[in-house]
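Peer 1: Structure provided below as structure tokens; questions to follow.
The values are calculated or read from the model by the stated rules, or taken from the named source; none is laboratory data. None of these values were measured; they are calculated from a predicted model. Glycine also receives a Cβ, built like all others from the backbone with ideal geometry; neighbour counts cover every protein chain displayed. Heavy atoms of the whole protein, side chains included, go into the accessibility calculation; ligands, DNA and RNA do not. Shrake-Rupley method; radii C 1.70, N 1.55, O 1.52, S 1.80 Å.
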Amino acid sequence: MITAILAVIFMIPIYALLIWTYISPEESMLFGNRWMYKEEPELSEEVIRYRKFISLMIMIGLPIVIISFMFELYFLRFISIIGLAITFMFGILKIFK
């Protein structure tokens, strides 16, 4: 029970960061690195789409993986890993096509 409560507490800031990354991928990518550039860098559309896709994949996959490890559901672990890998491959193909 305590592990579930701690998992939820630790996932709140992670989800806030992922939502911020999804909403504003340019700002999140340049956070802490703006000082390296003399002028505002331009990010390509592929990089922005990739950043949004990865943050969305993590927002969907993280709870599934954490629940499967907390309750020791081996079948859910296997299905989630296979499903996330396939979704990741198709998403990458769609982004860079």
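Peer 1: Between Phe53, Phe31, which is aromatic (Phe, Trp, Tyr), touching a Gly at 6+ places or on another chain (Cβ under 8 Å) and under 23 Å from Met11 (Cα atoms)?
Peer 2: Checking each option against the conditions leaves just Phe53.
Peer 1: Which residue out of Ile14, Ile9, Ile54, Ile23 is at pLDDT 85 or above, loosely packed, with under 10 Cβ neighbours inside 10 Å and among the aliphatic types (A, V, I, L, M)?
Peer 2: Ile9
Peer 1: Could you please find all residues in the range 26-36 being open to solvent by less than 100 Å² (accessible area, probe 1.4 Å) and either acidic (Asp, Glu) or part of a loop (DSSP other than H, G, I, E, B) (or both)?
Peer 2: Correct list: Glu26, Glu27, Gly32, Asn33.
Peer 1: Right, something else. Which condition number in (1) within 13 Å of the chain's Cα centre (by Cα); (2) over 22 Å from Met1 (Cα atoms); (3) in contact (Cβ under 8 Å) with a residue 12 or more places away in the chain is the one that Val47 fails?
Peer 2: Every listed condition holds for Val47 apart from (1).
Peer 1: Would you check which residues across the range 61-79 are open to solvent by less than 70 Å² (accessible area, probe 1.4 Å) and over 15 Å from the mean Cα position of the chain (by Cα) and list them?
Peer 2: Ser68, Met70, Leu76, Arg77
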